[in-house]
Amino acid sequence: MTTKALKKLLVEGDEDKRVIPELIEANGITWGQTKDTAIVKIKSYDGIENLLDKDVIYTELEDRGLISLGIIIDADDDPLDRWQSIRNVCLPTITDLPQELP
């Protein structure tokens, strides 16, 4: 159980986990020198199927100390379908997600 305030970002894979800090720094935002000083904790799930497991997002949202949770997924092929997949997984916990992709 975590007691420190956390910002988490869930991603599909390890490549995303490595690239995102570089993109952030390339846009002028300091990432942080260590895992403990990073601006967000990134967790990879080895594929979209694992990330969209019905218990993953619920469990992440229940983390004590969580102040924000982000999800980045690949949506090259069908962004509307990906949005519906995320929405369906989140609806039991986050009931006011829009039906249409924002």
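Computed from the coordinates by the stated procedures, all read-outs in this text should not be read as laboratory data. Remember, it's a predicted structure, so these values are computed and weren't measured experimentally. Neighbour counts are summed over all protein chains in view; Cβ atoms, including those assigned to glycine, are modelled from backbone coordinates with ideal geometry.
A few points about this structure:
- Nearest-0.05 FRET efficiency for Val40 and Asp78, computed from C-beta distance (R0 25 Å): 0.40
- Loop-located GluC sites (Glu not before Pro) in region 13-99 (DSSP state not H, G, I, E or B) with no more than 11 neighbouring Cβ atoms inside 10 Å: Glu62.
- DSSP-assigned coil residues among chymotrypsin sites (Phe, Trp or Tyr not before Pro) in region 9-61, each with at most 16 further Cβ atoms within 10 Å: Trp31
- Normalised by 2.2 N^0.38 Å, where N counts its residues, the alpha-carbon radius of gyration of the chain equals 1.12.
- Acute angle (nearest 10 degrees) that the helix 14-26 long axis makes with the longest principal axis of the chain, alpha-carbon atoms: 60
- The angle between the Cα long axis of helix 79-90 and the main principal axis of the chain comes to about 90°, on a 0 to 90 degree scale.
- Were the residues from Gln99 through Glu62 laid out at 0.36 nm apart, the gain over their Cα-Cα distance would be 11.0 nm.
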